[in-house]
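All remarks here apply to the structure that follows.
The values are calculated or read from the model by the stated rules, or taken from the named source; none is laboratory data. Bear in mind that the values here come from a model prediction, so they are computed numbers and not experimental data. Positions of Cβ are backbone-derived with ideal geometry, glycine not excepted, and every protein chain shown enters the neighbour counts. Just the protein is used for accessible areas: all its heavy atoms, side chains included, with ligands, DNA and RNA removed. Shrake-Rupley method; radii C 1.70, N 1.55, O 1.52, S 1.80 Å.
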Amino acid sequence: MFSRKLTFIRPLLIMLLSGIIITGCKKLDQLPQDSALNSTVFSSEAGLQLYANSFYDILPDAGAMVRGDAMADYAARTSVPDFLRPGAFGPRQSSGWEWAGLRNINYFIENCNRPSVPLATRQNYIGLARFFRAWFYFDKLRRFGDVPWINKTMKIDDPALYNGRDKRTLVVDSIIADLDYAGQYINSTDKTRSLITKYVAYAFKSRVCLFEGTFRKYHDEYGLQSSAEGLLTKAAEAAQKVITEGGFALNTTGGTDKTYRALFNSQAPVASEVILAAVVDPALGVFNDSNWYWTSATYGDRLSFIRTFVNTYLNIDGTPFTDKPGYKTMPFAEEVKGRDMRLQQTIRMGNYTRLNGATQQIAPPVFSYTYTGYQPIKLTQDDASMDGGSRNTNSIPVMRYAEVLLNYAEAKAELNTLTDGDWNQTIGALRRRAGITGNTGTKPTVADQYLKTNYFPAISDPSLLEIRRERGIELAFEGLRFSDIIRWKRGELMDQTWNGFYVPKVDVPMDLNDDGVLDVCFYTVLPAKENQVAGVTYVSIAATLSNGTPNPERLNSDNELTWLTTVQRKWDDKFYLYPIPEKDRLQNPKIGQNPGW
């Protein structure tokens with residue numbers, strides 16, 4: 001197999017397959033056509049390799065991963081997503097009902113049957129194709145729920161083109177069957193972490209089964225709770241297979257202050273922990289735009305953590321930060337001290353520096369990039385020359401061993417079979433890697449009240465609460481948060497106030513990183529130029545801006561910064577599924593519409 005980073009083979013692939021597959025189409029009746037090249041492609045392993053490379057376009061690229069949590073409960077952003085604004089999103093704005101990649105896969109599976117290619121080789125490539133079909137359908141399932149299950153390349157006059165949707169139970173069973181086949185028959189290995197192996201399939205199966213098992217458990221309106229346990233068991237089993245056989249381990253090279261972020265800003269994926277990555281290759285001109293997205297006042301979404309979530313990072317001794325007296329009134333420079341060391345590898349704080357030209361400079365949060373003060377750095381590189389354009393040379397993980405550990409722990413906790421040994425191997429290991437010294441060897445016995453009050457009021461199991469805390473922190477900005485909120489049926493979290501750090505005094509400049517240099521001043525009346533402190537950024541928190549419009553940056557009654565409280569966000573349970581796009585429903589009325597839309 002070839003890596004999807006090898007973009008130079010694309011023209012050859014397109015020429016070779018031009019008579020066989022039709023890409024970029026959306027309608028189900030635009031299908032692959034047989035040609036004289038069919039025999040050439042399917043009669044040799046080289047032909048199968050070339051064809052199979054086209055499947056990788058289904059995976060998210062680095063740009064998609066960088067933006068994966070652009071809509072998440074823990075992130076303030078430039079504007080409220082239309083999806084969450086009452087009346088701003090509906091079937092006419094919806095998208096995602098595309099099927100081109102599926103036709104390509106089904107055609108391959110149907111035609112990969114030539115006896116000139118050894119059976120084991122054919123099974124390997126069919127396994128690869130079925131993995132990608134599972135990936136394709138899982139995206140559809142999470143977005144739309146019931147969808148048509150199509151496992152053949154239908155002819156243009158096939159009446160099945162106008163069938164309705166199949167039940168999610170059939171779709172999920174079919175996805176799992178595809179992943180089981182992939183896990184059994186994919187026999188390739190890969191050290192670049194850019195290709196699909198059997199352990200990618202098992203890791204993905206743990207993700208799929210955990211999602212669906214918890215979805216069925218908490219969404220009782222579907223009447224599928226009785227099947228949740230079986231899916232959670234499959235999730236634990238798939239994760240266990242990766243844990244015991246995959247040869248992966250948490251990255252522990254470089255010290256607790258570096259091991260976590262190294263996973264996200266290294267050019268070559270950290271192969272010990274990264275299971276699958278969107279790989280960059282400067283030699284081939286393959287970069288990503290992470291710095292541009294995260295450090296631009298206009299290009300990206302200016303995603304910033306909210307304080308409610310930052311409060312969930314534990315103290316370094318393993319105790320809850322929110323148990324500290326006076327935590328609500330700690331200024332930024334103080335509140336970030338002595339915390340889980342992933343915090344300093346996820347946001348700008350303390351002694352964080354960036355390379356600017358030939359000079360390494362202290363870099364506190366910049367309020368032209370952040371709204372709350374909690375400015376992310378996790379997916380970026382510390383070189384300011386990369387801040388404009390697609391210049392980043394860091395590969396972005398798509399799937400990590402840490403997620404597999406979290407999947408295993410959560411599935412076991414949901415099944416009420418989590419042991420102290422399981423905890424130590426999963427959550428404990430992740431916390432020790434983050435420098436946390438206490439409470440890592442055995443399950444907790446006391447439910448954290450901050451988590452219950454602010455996040456999961458219906459959960460009383462201390463272990464499950466802590467696993468959800470750990471999942472949020474460990475996988476922050478890796479594109480899984482909204483899916484977690486959906487499966488946990490906690491959509492109301494999307495209504496949280498976008499709050500920032502505590503401001504002790506208005507009109508008084510603050511030092512954000514204890515370096516003796518004043519950085520920012522929040523004012524109600526801008527001081528005269530001669531009275532402004534050099535180097536300080538002045539940010540208005542007045543009720544209205546100079547043009548008379550409401551100011552989106554304000555202080556709340558707790559003297560926390562808030563952002564965009566003037567724009568309504570209101571969760572509606574219909575948001576657990578996206579609407580079927582109107583144009584597609586008009587073409588085939590039998591597919592119907594999701595509830596509430």
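Overview of results
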quantity	calculated
ALA277 being part of a loop (DSSP other than H, G, I, E, B), over 30 Å from THR445 (Cα atoms), at pLDDT 95 or above and not hydroxyl-bearing (Ser, Thr, Tyr)	no
Residue in region 277-295 that is within 20 Å of ASN356 (Cα to Cα), over 18 Å from the mean Cα position of the chain (by Cα), open to solvent by less than 50 Å² (accessible area, probe 1.4 Å) and not basic (Lys, Arg) present	yes
Number of the condition not met by PRO325 [criteria: (1) more than 25 Å from ASN454 (Cα to Cα); (2) free of Cβ contacts under 8 Å to residues at least 12 places away in the same chain]	(1)
Output for region 52-85, where each listed residue is surrounded by fewer than 23 Cβ atoms within 10 Å (Cβ to Cβ), among the aromatic types (Phe, Trp, Tyr) and within 30 Å of GLN123 (Cα to Cα)	TYR56
So GLU273, is it among the acidic types (Asp, Glu) and more than 24 Å from MET341 (Cα to Cα)	no
Members of region 575-588 that are within 22 Å of the chain's Cα centre (by Cα) and not in a loop (DSSP other than H, G, I, E, B)	PHE575, TYR576
Residues within region 497-516 that are surrounded by fewer than 19 Cβ atoms within 10 Å (Cβ to Cβ) and either under 25 Å from the mean Cα position of the chain (by Cα) or part of a helix (DSSP H, G or I) (or both), tallied	1
Qualifying residues in region 566-588 (those that are within 18 Å of GLU492 (Cβ to Cβ) and open to solvent by 80 Å² or more (accessible area, probe 1.4 Å)) - the one modelled with the highest pLDDT	ASP573
Subset of region 303-326 (residues that are open to solvent by 30 Å² or more (accessible area, probe 1.4 Å) and farther than 21 Å from THR372 by Cβ)	ILE316, ASP317, THR319, ASP323, PRO325
Selection count where residues are open to solvent by 20 Å² or more (accessible area, probe 1.4 Å) and among the aliphatic types (A, V, I, L, M), scope region 203-242	1
Complete set of residues in region 39-51 that are open to solvent by 10 Å² or more (accessible area, probe 1.4 Å), part of a helix (DSSP H, G or I) and in contact (Cβ under 8 Å) with a residue 24 or more places away in the chain	SER39, THR40, GLU45, GLN49, LEU50
Only one of LYS489, LYS443 that is open to solvent by 10 Å² or more (accessible area, probe 1.4 Å), touching a Phe, Trp or Tyr at 6+ places or on another chain (Cβ under 7 Å) and more than 21 Å from TRP571 (Cα to Cα)	LYS443
Tally of residues being basic (Lys, Arg) and either open to solvent by 20 Å² or more (accessible area, probe 1.4 Å) or touching a Lys or Arg at 6+ places or on another chain (Cβ under 6 Å) (or both) across region 164-190	2
Elements of type helices (runs of 4 or more DSSP H) contained in region 409-469, each with 1 or more residues being of a type in the set (Ser, Thr, Tyr) and touching a residue at least 60 places away in the same chain (Cβ under 8 Å)	449-454
ILE591, sole failed condition from (1) open to solvent by 30 Å² or more (accessible area, probe 1.4 Å); (2) under 24 Å from ASN163 (Cβ atoms)	(1)
Residues of region 531-557 satisfying the condition of being open to solvent by 50 Å² or more (accessible area, probe 1.4 Å), touching a residue at least 12 places away in the same chain (Cβ under 8 Å) and touching a Phe, Trp or Tyr at 6+ places or on another chain (Cβ under 7 Å)	THR537
SER385 vs. criteria in a helix (DSSP H, G or I), modelled with pLDDT of 95 or more and touching a strand residue (DSSP E or B) at 6+ places or on another chain (Cβ under 9 Å)	yes
In region 240-267, residue nearest to the chain's Cα centre (by Cα) [restricted to those that are closer than 25 Å to MET341 by Cβ and part of a helix (DSSP H, G or I)]	PHE264
